[in-house]
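Coordinate-derived values only; no laboratory data. Predicted, not measured: the structure shown is a model, and the values here were computed from it. Cβ: placed from backbone, ideal geometry, glycine included. Neighbour counts: every protein chain shown.
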Amino acid sequence: MPTVKSNTPESFETLIALSLEELKKRSITFVRTSKAAEKLIAKITKTRPQAGKIMAAFKVRFAEKVDDKSIPKGTTFKEYFTLATKGNPDGKVEQCANTFNSYVETELITELDYDCCASDWLEKASVIVRCAEHNLENEHVLEAAGILKLRPNDGASLLNLIKAKQRGKETKVDENGDPLNLERVISFVKMASEKDYVADIITTVDNLVRENGKEWDEKTQRAAFDSCEKLMSAWAETFGEATIDGWLSETEKAN
């Protein structure tokens, strides 16, 4: 029986020589390790906002020590933090800390607002205020603050849109004023997949070809069209008929 070296990955040749029972044991160990890692990552993510508050307080005290010259001139926060904690500051935690200092300490939002936001939202808000050069009257910062206070269901997407606007990327909208962006397309594809529209088209066409060979008579074409129509209707519902008509017109001109 091949031996397992603790620090060296087993080759496929070694693994394929193992019995099914041995592979099951390795798979169980891998699955358990993966689940444990997922739980740990989830726990770390959940605690980032609180860790951010701790770091925010740390930054305030650090600034005070710099002002009264208790800390050597030129010492950065990262250097001081690393020296004090024996570890580098986590980037995402520091983003949460920056959001607390920039939004809560300046009363753009309350501490409760901060506590109710997911780490991802706080990280995005940090990027926005930094991009605005910490100008708290900047329209993008104020818009981000509003999202952190109201916490709409699509808050993460709205914060991403603000970041896109800051980068100078124009976001096209449909007749309803909703953004036509990659996230919108992804949400549609997910919805179509969940409702089996795409799979239905593939299955329908496959069955029709099997039944009729390569001959596509009127009945065959109509069945394929009906299947595709479900997908097109869902697409129109997602993006609006006016937008779809415009796209079809552009396609016809191009052809």
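When peptides 118-129, 93-104 are ranked by their average number of other Cβ atoms within 10 Å per residue, the highest-first order is 93-104, 118-129. Taking label points 7 Å from Cα along the Cα-to-Cβ direction, residue 118 and residue 34 give a separation of 2.2 nm. Over 22 Å between C-alpha atoms is what I'm after, so list which of 43/65; 53/149; 124/149; 43/92; 46/149; 92/163 land there. Among 43/65; 53/149; 124/149; 43/92; 46/149; 92/163, the Cα-Cα distance tops 22 Å for 43/65.
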